[in-house]
Amino acid sequence: MLNRNVESVTRIAGGDLSFVARLSLGCGDTVIAKRGDRVVDEARMLAAIAATGMPVPQILAVQDDLLLLEDLPSGGRLVRNWAHLAELLDRLHAPDHTAYGWDCDYAFGDVPIGNSRTDNWVAFWAEQRLRCHVPHLSSQLAHRVERLADRLGEHIPQRPTAVLLHGDLWGGNILVGQDQISGVIDPACYHGDREVDLAMLSLFDQPPEIFHEACGLAQGWEERQPVYRLWPLLVHVRLFGGAYHQQAGACLQRLDV
């Protein structure tokens, strides 16, 4: 696809959906290769993110189950680049007034992600981010999730400004060069409330207060974070179990559910 000889292949960590490797092409040139059933969807998502001005790896080639990407610098530390990330998220999260959801469903590993379009954010989150997990949870946790879904309009707005979401924004998917963020990878895009990306980011990382101030979030954002953080936690409950049950329960407790 690149008309170059591959000198070596080194497998690297890269999410649940694809086989990921770094290909050495000689003369110090490398590319990232991803093989999987959803790489064409991933390429579309990367292109959508790039169109906002948020940096992503250049798509070098995509065909069937193979995606070749630019190998971006990744040796830096996010802790030194929170201000730059806030600036880039302002680009990604520019209002686009698109219906909530995405043009196709996606998945985290074996866990489907429903993305059916709607103009009702509460209904989208209740059905496609909460109730979809109920059949796969313990009875106690499932009951509490159902109760939250029934009362969801008390916790999140029905029609927040729609923006393009990365959808899986955590530190491992943010590449940092020596002096700045070089790009984001492994998206699970859809359109929705920008606070969703911030909730995912704070699940495994600890953004400082100055970062949240720079993002200029709407009043009450902190009270809404447990609602949005619960969804990736429920995905992790289904994928990994263990302590994620307790973390999901803690989110529900903060919401008095």
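Couple of notes before you dig in:
- For the range 138-149, a tally of residues being touching a helix residue (DSSP H, G or I) at 6+ places or on another chain (Cβ under 8 Å) and surrounded by 13 or more Cβ atoms within 10 Å (Cβ to Cβ) returns 7.
- Residues that are over 16 Å from residue 245 (Cβ atoms), surrounded by fewer than 17 Cβ atoms within 10 Å (Cβ to Cβ) and aliphatic (A, V, I, L, M) within the range 114-137 comprise just one, 123.
- Residue match in the range 206-221 (condition: β-branched (Val, Ile, Thr), in a helix (DSSP H, G or I) and modelled with pLDDT under 95): yes
- Residue satisfying condition, being over 22 Å from residue 233 (Cβ atoms) and not in a helix (DSSP H, G or I), within set 97, 84: 97
Let's see how each residue does on (1) at pLDDT 95 or above; (2) open to solvent by 10 Å² or more (accessible area, probe 1.4 Å); (3) within 27 Å of residue 209 (Cα to Cα):
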{"site": "37", "(1), (2), (3)": "no, yes, no"}
{"site": "49", "(1), (2), (3)": "yes, no, yes"}
{"site": "56", "(1), (2), (3)": "yes, yes, yes"}
{"site": "63", "(1), (2), (3)": "no, yes, no"}
{"site": "71", "(1), (2), (3)": "yes, yes, no"}
{"site": "78", "(1), (2), (3)": "no, yes, yes"}
{"site": "82", "(1), (2), (3)": "yes, yes, yes"}
{"site": "85", "(1), (2), (3)": "yes, no, yes"}
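- Any hit, the range 149-161, residues being in a loop (DSSP other than H, G, I, E, B) and in contact with a His (Cβ under 9 Å, 6 or more places away or on another chain): yes
- Single match in 243, 214 (criterion: over 18 Å from the mean Cα position of the chain (by Cα), within 26 Å of residue 81 (Cα to Cα) and aliphatic (A, V, I, L, M)): 214
- Condition met for residue 175 (in a strand (DSSP E or B) and touching a Pro at 6+ places or on another chain (Cβ under 9 Å)): yes
- If you go through the range 106-124 and keep only what is under 15 Å from the mean Cα position of the chain (by Cα) and of a type outside the set (Ser, Thr, Tyr), you end up with 107, 108, 109, 111, 112, 113, 114, 115.
- Some residue of the range 207-219 being touching a Lys or Arg at 6+ places or on another chain (Cβ under 6 Å) and over 25 Å from residue 21 (Cα atoms): no
- Within the range 128-164, the residues that satisfy the criterion of being more than 17 Å from residue 229 (Cβ to Cβ), touching an Asp or Glu at 6+ places or on another chain (Cβ under 8 Å) and in contact (Cβ under 8 Å) with a residue 60 or more places away in the chain are 161, 162, 163, 164.
- Checking each residue in the range 105-124 for being touching a helix residue (DSSP H, G or I) at 6+ places or on another chain (Cβ under 6 Å) and not in a strand (DSSP E or B) picks out 109, 114, 122.
- Of all residues in the range 240-252, none that is loosely packed, with under 11 Cβ neighbours inside 10 Å has its Cβ atom under 8 Å from the Cβ atom of a residue that is β-branched (Val, Ile, Thr) and assigned to a helix (DSSP H, G or I), 6 or more apart or on another chain.
- On the stretch given as the range 183-234, residues that are over 20 Å from residue 46 (Cβ atoms), crowded, with 22+ Cβ neighbours inside 10 Å and among the β-branched types (Val, Ile, Thr) total 1.
The values are calculated or read from the model by the stated rules, or taken from the named source; none is laboratory data. Computed from a predicted structure; not experimentally measured. Every residue, glycine among them, receives a Cβ derived from its backbone with ideal geometry; neighbour counts consider all protein chains shown. To get the accessible areas, we keep the full protein, side chains included, count just its heavy atoms, and leave off ligands, DNA and RNA. Shrake-Rupley method; radii C 1.70, N 1.55, O 1.52, S 1.80 Å.
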